[in-house]
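K.L.:
Starting off with a structure, shown below.
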Amino acid sequence: MIEIRNVTKSYGSLTVLHDITLTIPEKEIMAIVGPSGAGKTTLLQIAGTLDRPDSGSVLFDNTDLFRLKDKKLSEFRNLNIGFVFQFHQLLPEFSALENVAMPALIAGRKKKQALEEARELLDILGLGARADHKPAQMSGGEKQRAAIARALINKPRVVFADEPTGSLDSHNRDEIQEIIASLRDTMHQTFVIVTHDPCIASIADRKVTMEDGRITGETIAEVKNFV
């Protein structure tokens, strides 16, 4: 689905990514692991079109994304890519329901439809009773589940997650891990997850190891976890 070809990225004199080439298949969980400073988050941001490489390309179904004009790229990102961050990034002045509906409203869906779809997702993720609560009234695990619902509202082809369990305790971490695995199994959702957490890496179908801005290994699970 996504092909990253010969991507290089530097910040000043520091080269963060060295000629990275990687294929992201559909309907899998890919975990990107490695020490801090390995370039994992930078690679995730470029694959998700939040940042641009100095050289190289990112192809999505053979479309070279960085050849698109900014407006077209933003539209493509909104409709095809979801994001989950370590710190949920929910807007504090809006309810969970409104936060989840936001990308659908940006995409042009009518408010009634967007809110209905957002409520359905919150129900699926066990947050139906918290729909009208603002982030300050929710636990860390609840906020992260709302962030996952927001990432899914436009039915994206792929969800990029940067340390999605990094700020959670073990109980909430296990919940988020189970949710991600379930979404892959039931909805055949593609996830690309940057993580230091061996537990969430263990559910991946494919694990990519990075070090010093380079891919140093890739392993594939022997048995797929979905049908």
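K.L.:
Can you tell me which residue within region 45-71, out of those that are crowded, with 16+ Cβ neighbours inside 10 Å and among the β-branched types (Val, Ile, Thr), is farthest from the chain's Cα centre (by Cα)?
P.N.:
My answer is Val58.
K.L.:
Are there any helices (runs of 4 or more DSSP H) wholly within region 124-214 with 3 or more residues that are in contact with a Gly (Cβ under 9 Å, 6 or more places away or on another chain), and if so which?
P.N.:
Where helices (runs of 4 or more DSSP H) fall fully within region 124-214 and carry at least 3 residues being in contact with a Gly (Cβ under 9 Å, 6 or more places away or on another chain), they are 140-152, 170-187.
K.L.:
Quick check on region 1-20: of everything there that is in contact (Cβ under 8 Å) with a residue 24 or more places away in the chain and of a type in the set (S, T, N, Q), which residue is nearest to Met187 (Cα to Cα)?
P.N.:
The qualifying residue nearest to Met187 (Cα to Cα) is Asn6.
K.L.:
Kindly provide the set of residues from region 195-211 that are over 15 Å from Ile148 (Cβ atoms) and either polar (S, T, N, Q) or surrounded by 14 or more Cβ atoms within 10 Å (Cβ to Cβ) (or both), ordered by number.
P.N.:
Correct list: His196, Asp197, Ala201, Ser202, Ala204, Asp205, Arg206, Lys207, Val208, Thr209, Met210, Glu211.
K.L.:
Look at region 76-90 and say how many of its residues are open to solvent by 40 Å² or more (accessible area, probe 1.4 Å) and in contact with a helix residue (DSSP H, G or I) (Cβ under 6 Å, 6 or more places away or on another chain).
P.N.:
Of the residues in region 76-90, 1 are open to solvent by 40 Å² or more (accessible area, probe 1.4 Å) and in contact with a helix residue (DSSP H, G or I) (Cβ under 6 Å, 6 or more places away or on another chain).
K.L.:
Return the pair list, or none, for Cβ contacts closer than 6 Å from residues in region 209-223 that are among the basic types (Lys, Arg) to residues that are at pLDDT 90 or above, at least 6 apart or on different chains.
P.N.:
Between residues of region 209-223 that are among the basic types (Lys, Arg) and residues that are at pLDDT 90 or above, the close pairs are Arg214/His18.
K.L.:
Is at least one residue of region 106-121 part of a loop (DSSP other than H, G, I, E, B), at pLDDT 90 or above and within 24 Å of Val194 (Cβ to Cβ)?
P.N.:
No, because not a single residue in region 106-121 is part of a loop (DSSP other than H, G, I, E, B), at pLDDT 90 or above and within 24 Å of Val194 (Cβ to Cβ).
The values are calculated or read from the model by the stated rules, or taken from the named source; none is laboratory data. None of the values given here were measured: they were computed from a predicted structure. When we count neighbours, we look across all protein chains shown, and the Cβ atoms used for this are built from the backbone with ideal geometry, even at glycine. The area values use the complete protein model at the heavy-atom level, side chains included, leaving out ligands, DNA and RNA. Shrake-Rupley method; radii C 1.70, N 1.55, O 1.52, S 1.80 Å.
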